[in-house]
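Everything on this sheet refers to the single structure shown next.
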Amino acid sequence: ETGVTQTPRHLVMGMTNKKSLKCEQHLGHNAMYWYKQSAKKPLELMFVYNFKEQTENNSVPSRFSPECPNSSHLFLHLHTLQPEDSALYLCASSPLGANTEAFFGQGTRLTVV
Amino acid sequence: GDSVTQMEGPVTLSEEAFLTINCTYTATGYPSLFWYVQYPGEGLQLLLKATKADDKGSNKGFEATYRKETTSFHLEKGSVQVSDSAVYFCALKSDRDDKIIFGKGTRLHILP
């Protein structure tokens, strides 16, 4: 248990659906991250938030929309996804500073049908 | 931009063998370096870290030394166990922003 909780753990959605992934941490961290992990591809950094402000958007398609209402919660809103978006989506949090590690949630396994 | 390169897997070893997984990085400034491990069906867990040149991180028999002159952070273990079977990721965290960049991961299989 890392202190970072992601829900749901598994999600199957159609290409016309709208769904949201949730991430929650009560570790007092001020940086939060979304990563995409696909089979046979590197772990891809999608978004970074510092103190609720987005500081990185790694050329992610607009069908992925992040939201960070406070330092403890991070959402990833999904709409009109494609089958190639099926992946494990990992949330992480970290204290600010170069020498601090990230703590990961267990991920949401997303399947787009 | 910053990047991490690690050896391709899978790596298959017998129990009690010596393990090395190579990792090199490219970064401006003075990043911190990490090894993470991912067991099936789980998220990533920190295995060890080093925050400055010549630091050695260690945990559970694993070690890695931050080598600035060769921009490397190779993971080693003297005697692996079946329970070490997992995917291992090398990563860096920039000192200019809070981005954490990962290598592609190396799958390790340990045979009994």
Beta bridges per DSSP with both ends in chain A, % antiparallel, nearest 5: 90 percent
If you rank B:Glu63, A:Glu84 by fewest surrounding Cβ atoms within 10 Å, what's the result? A:Glu84, B:Glu63
Taking K and R as +1 and D and E as -1, what net charge do the other residues with C-beta under 14 Å from the C-beta of B:Ser79 add up to? -3
Short version: ³J(HN,Hα) in whole Hz for each residue of segment A:88-105, in order, from phi by Karplus 6.51 cos²θ - 1.76 cosθ + 1.60 (θ = phi - 60°), x for Gly and Pro, what are they? 9, 9, 10, 9, 9, 9, 7, x, 6, x, 5, 9, 10, 8, 8, 10, 9, x
Using 0.36 nm per residue of separation minus the Cα-Cα distance, give me the extension gain between A:Gln82 and A:Thr7 in nm, one decimal. 24.9 nm
Give, rounded to the nearest 20 debye, the magnitude of the charge dipole that chain B has about its Cα centre when Lys and Arg contribute +1 at Cβ and Asp and Glu contribute -1 at Cβ. 180 debye
Mind checking the full-extension length gain between B:Ser14 and B:Ala53? Use 0.36 nm per residue of separation minus the Cα-Cα distance, one decimal, nm. 10.8 nm
Rounded Å value of the spacing that divides the Cα centres of segment A:1-62 and segment B:85-112: 18 Å
Chain A: longest segment with zero exposed trypsin sites (Lys or Arg not before Pro), where exposed means DSSP loop plus at most 14 other C-beta atoms within 10 Å, is residues A:64-113
Counting only other residues whose beta carbon sits under 15 Å from that of A:Arg9, what net charge do I get with K and R as +1, D and E as -1? 0
So what's the Cα pair-distance distribution over segment A:1-108, bin width 5 Å, in %? 2, 13, 24, 27, 19, 10, 4, 1, 0
Dipole magnitude (debye, nearest 20) for chain A, charges at Cβ of Lys, Arg, Asp, Glu: 360 debye
Sum up the charges of everything whose Cβ sits under 15 Å from the Cβ of B:Glu42, counting Lys and Arg as +1 and Asp and Glu as -1, but leave B:Glu42 out. +1
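Where a number appears in this text, it was derived from the coordinates with a stated rule and is not lab data. Since we're looking at a predicted model, the values are computed, not measured. No Cβ is skipped: glycine too gets one built from the backbone with ideal geometry, and neighbour counts run over all protein chains shown.
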